[in-house]
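I have a structure I would like to understand better, so I am pasting it below and will then ask my questions one at a time.
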Amino acid sequence: MGYGRWISGFGVVGLGVAFFVTAPAPLPDDALIGADGTALIGDPIAGEMVFHAAGCASCHSAEGTDALAGGKSFVSDFGTFYAPNISTDVDHGIGAWSDHDLASAMIAGVSPNGAHYYPAFPYTTYSKMTPQDAVDLIAHLRSLPADATPSRDHDVGFPFNIRRLLGGWKFLFASDDWVVADVATPELERGRYLVEALGHCAECHTPRNALGALNTGDWMRGAANPSGDGTIPSVHSDDLGWSAQDIAIYLDSGFTPDFDTVGGEMVDVVDNTSQLSDEDRAAIAAYLVALP
Amino acid sequence: MKSLILLAGVATVAVGTMAFAQDDVDPAVTARQAHMQLYAHNIGILGGMAQAKIDYDAELAQIAANNLAAVAALDETTYWIEGTAEGTKALPAIWENMDDFMAKQDGMTNAAAAMADVAGTDLASLQGAMGDLGGACSACHREYRQRN
């Protein structure tokens, strides 16, 4: 799995942008307070669906295991990143973190001790997650087993190892705007949320500019594969030519309309989308087919 | 008449060979891709029934499943030849992990045999075996094939 390209840009941008924009800003203290003024209550069952839609396990569980013990590597020109242990272990995982710590990590990309995370962790899309989904997801994470495997240190050289510099990158590229501004039906709105906020589909399917930011003008139109093998296909309906039903079936069973099967990193994605409801798969498909 | 057919046959072979010489495709590559197409064709019949795109027909399902199992039982060593990845969708990783690649083939053989055991029983049994079968294809495509 490779999300290498963004890295080529962040250091340069970070160095060029004034230091003041680089200070990490965690979530506001009241981010997880509902409209009625009381703390939102997480539902672990609903949270399991958020977990699958957001694909947390694809990165945080090692090959062939279910435990969120980390270990998956992301090779880039600047070094190798390792997904950390996010199991409920108190010493090596997130067992001792508060809900606010966890929400800040996922939504603001800021660690409990106030450092920026690298965008290999797709918090730039999770930033659009609703607060209720965040607390549901956290409740689900807390219901999963602990694993005491220590997280691996990233293997990244100077200046990319200076987390403070990531602030410049975040300042320029993190956006709360939807890419597809107009959604005509509740199904399309749901599909947009699943693709743009939780699914981080674009992280693979959209090309990046020289600074590593997603090129929204070519949204979902395919991209180079950072792992170096071939390209990641366009899933824009102009190129794909599949019906919404074809897409929904693929996200469920892994079969293409001509009964080839899914391959590459998309296998992990289908492992996740196959666990969503039929309605959610149909919503993702409707969104893709309707892309402008 | 016979000689005419023979002549046509020779001509076809000659044209085929010329085409082969022109785009330089290793016959081993053609063979393994044809093997995959046989998978896709037969699984298309089973999957079409499973997805309710075509009506369930026990006899037809059994034929497709038997074909699939027969193809999956073939010994594939003669067409996964080292040095033939270039210009194909096969990844060089196949030859770095041949044991694992063979294990994925075994997984496929087993899943196809399991399908052949139940495909003719009823639609629910066929649908039940579909997940493991598709999983056996994508387990190998995940590691060893690049679509584009």
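The values are calculated or read from the model by the stated rules, or taken from the named source; none is laboratory data. Computed from a prediction, not measured in an experiment: that's the story for all the values here. All Cβ positions, glycine included, derive from the backbone under ideal geometry; neighbour counts span all protein chains shown. Just the protein is used for accessible areas: all its heavy atoms, side chains included, with ligands, DNA and RNA removed. Shrake-Rupley method; radii C 1.70, N 1.55, O 1.52, S 1.80 Å.
Going residue by residue through the range A:190-207, is there one that turns out to be open to solvent by 50 Å² or more (accessible area, probe 1.4 Å) and either more than 16 Å from the chain's Cα centre (by Cα) or among the hydrophobic types (A, V, I, L, M, F, W, C) (or both)?
The answer is yes, given that some residue of the range A:190-207 is open to solvent by 50 Å² or more (accessible area, probe 1.4 Å) and either more than 16 Å from the chain's Cα centre (by Cα) or among the hydrophobic types (A, V, I, L, M, F, W, C) (or both).
Consider A:Val195 carefully, then state whether it is at pLDDT 95 or above and assigned to a loop (DSSP other than H, G, I, E, B).
Considered against the rule, which asks whether it is at pLDDT 95 or above and assigned to a loop (DSSP other than H, G, I, E, B), A:Val195 comes out as no.
Going by the structure shown, is B:Trp95 at pLDDT 95 or above, more than 11 Å from chain A (Cβ to nearest Cβ) and not in a helix (DSSP H, G or I)?
Taking the combined requirement at face value, the residue does not satisfy it.
Within the range B:131-140, track down each residue that is surrounded by 21 or more Cβ atoms within 10 Å (Cβ to Cβ) and of a type in the set (A, V, I, L, M).
B:Leu133, B:Ala136
Give the number of residues within the range A:229-245 that are open to solvent by 60 Å² or more (accessible area, probe 1.4 Å) and either touching a residue at least 40 places away in the same chain (Cβ under 8 Å) or in a strand (DSSP E or B) (or both).
2
Listed here are the residues, each with its yes/no results for (1) of a type in the set (Gly, Ala, Ser); (2) touching a Gly at 6+ places or on another chain (Cβ under 9 Å).
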| position | (1), (2) |
| --- | --- |
| A:Gly70 | yes, yes |
| A:Ala103 | yes, no |
| A:Tyr123 | no, yes |
| A:Gly157 | yes, yes |
| A:Asn161 | no, yes |
| A:Gly168 | yes, yes |
| A:Ala174 | yes, yes |
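Which residues, taken from the range A:254-283, are in contact with a Ser or Thr (Cβ under 7 Å, 6 or more places away or on another chain), in a helix (DSSP H, G or I) and over 19 Å from A:Tyr193 (Cα atoms)?
Across the range A:254-283, the qualifying residues are A:Val267, A:Asp268.
Restricting to helices (runs of 4 or more DSSP H) lying wholly in the range A:98-155: which have 2 or more residues that are open to solvent by 60 Å² or more (accessible area, probe 1.4 Å)?
Filter on the range A:98-155 gives A:131-142.
Right, here's the next one. Looking only at the range A:261-292, which residues are crowded, with 19+ Cβ neighbours inside 10 Å and of a type in the set (Gly, Ala, Ser)?
A:Gly263, A:Gly264, A:Ala282, A:Ala283, A:Ala285, A:Ala286
Also, quick follow-up: If you take the residues in the range A:211-228 that are open to solvent by 50 Å² or more (accessible area, probe 1.4 Å) and part of a loop (DSSP other than H, G, I, E, B), which one is farthest from the other protein chains (Cβ to nearest Cβ)?
Checked the range A:211-228; the qualifying residue farthest from the other protein chains (Cβ to nearest Cβ) is A:Leu211.
Scan the range B:85-109 for residues that are open to solvent by 30 Å² or more (accessible area, probe 1.4 Å) and touching a helix residue (DSSP H, G or I) at 6+ places or on another chain (Cβ under 6 Å) and report the count.
Qualifying residue count for the region: 4.
I want to confirm something. Restricting to the range A:67-97 and keeping residues that are farther than 16 Å from A:His154 by Cβ and touching a helix residue (DSSP H, G or I) at 6+ places or on another chain (Cβ under 7 Å), which single residue is surrounded by the most Cβ atoms within 10 Å (Cβ to Cβ)?
So the residue we want is A:Leu68.
Please tell me if B:Ala124 is within 24 Å of A:Val270 (Cβ to Cβ), buried (at least 20 other Cβ atoms within 10 Å of the Cβ) and more than 10 Å from chain A (Cβ to nearest Cβ).
Judged against the criteria, B:Ala124 is not a match.
Is it fair to say B:Met36 is without any contact (Cβ under 8 Å) to a residue 60 or more places away in the chain and not in a loop (DSSP other than H, G, I, E, B)?
For B:Met36, the condition - without any contact (Cβ under 8 Å) to a residue 60 or more places away in the chain and not in a loop (DSSP other than H, G, I, E, B) - is met.
Still on this structure, please answer the following. Within the range B:110-121, which residues are surrounded by fewer than 16 Cβ atoms within 10 Å (Cβ to Cβ) and either of a type in the set (Val, Ile, Thr) or within 14 Å of chain A (Cβ to nearest Cβ) (or both)?
Answer for the range B:110-121, where residues must be surrounded by fewer than 16 Cβ atoms within 10 Å (Cβ to Cβ) and either of a type in the set (Val, Ile, Thr) or within 14 Å of chain A (Cβ to nearest Cβ) (or both): just B:Thr121.
Test B:Ala61 against the criterion of being surrounded by 20 or more Cβ atoms within 10 Å (Cβ to Cβ), touching a helix residue (DSSP H, G or I) at 6+ places or on another chain (Cβ under 8 Å) and away from every other protein chain (no Cβ under 14 Å), and give yes or no.
yes
Would you point out which residue out of A:Ala286, A:Ala248 is away from chain B (no Cβ under 13 Å), small (Gly, Ala, Ser) and in a helix (DSSP H, G or I)?
A:Ala286
All but one of (1) at pLDDT 95 or above; (2) assigned to a loop (DSSP other than H, G, I, E, B) hold for B:Ala52; state the number of the condition that does not hold.
Unmet for B:Ala52, out of (1) at pLDDT 95 or above; (2) assigned to a loop (DSSP other than H, G, I, E, B): (1).
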